[in-house]
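Working notes for the structure below.
The values are calculated or read from the model by the stated rules, or taken from the named source; none is laboratory data. The model shown is predicted, which means the values in this text are computed figures rather than measured ones. No Cβ is skipped: glycine too gets one built from the backbone with ideal geometry, and neighbour counts run over all protein chains shown.
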Amino acid sequence: MPTAVEIAWLAGLLEGEGSFLMIRSSKVYRYPQIVVNMTDRDVIVRVAGLFGGSVYDIPRYVEGRKLSYRAQITGSGAAQWMMDLYPWLGERRRSRIDEVLAEYRAQEPTRIRRQRACSEAAAKRLRSNSNGQFMAFGMPEV
């Protein structure tokens, strides 16, 4: 459990260097994400420790530039961190968090989305052979 000092430190860092996002992993799945990139590996290691995640190396695209590192958290963990950080952040970041969390809360739960997607896929298949096996819609019987 992070302390109030750690939350305040992280809020200050994310106020200047972080991003609060709603990420799309497919047509169906969208989830909140907090990301911070910087060249100070020790700071990113500390953030990753608070998030319970890993440090990601960002490839150098321009020769001679410093290596960059990333820490991130996604899903319900990111949503919880957004709520914890909220009182410590400025107006612009709070506004962004409001948008992300409103969209996140408006989604149907993942379990229900998965069930619906599977039901829709099953409805598109036909049991067309004598063994009762599912065949792709429109495929001739073998």
Enumeration of residues in the range 5-61 that are outside any loop (DSSP other than H, G, I, E, B) and of a type in the set (Gly, Ala, Ser): Ala8, Ala11, Gly12, Gly16, Gly18, Ser19, Ala48, Gly49
Residue hits (the range 56-87; among the hydrophobic types (A, V, I, L, M, F, W, C) and surrounded by 15 or more Cβ atoms within 10 Å (Cβ to Cβ)) are Ala71, Ile73, Ala78, Ala79, Trp81, Met82, Leu85
Within the range 70-99, the residues that are charged (D, E, K, R) and in contact (Cβ under 8 Å) with a residue 40 or more places away in the chain are Asp84, Arg93, Arg96, Glu99
Per the filter on the range 67-119, residues of a type in the set (Val, Ile, Thr) and part of a helix (DSSP H, G or I) are Ile97, Val100, Thr110, Ile112
Just checking, does the range 55-62 include any residue being charged (D, E, K, R), modelled with pLDDT under 95 and more than 30 Å from Arg116 (Cα to Cα)? yes
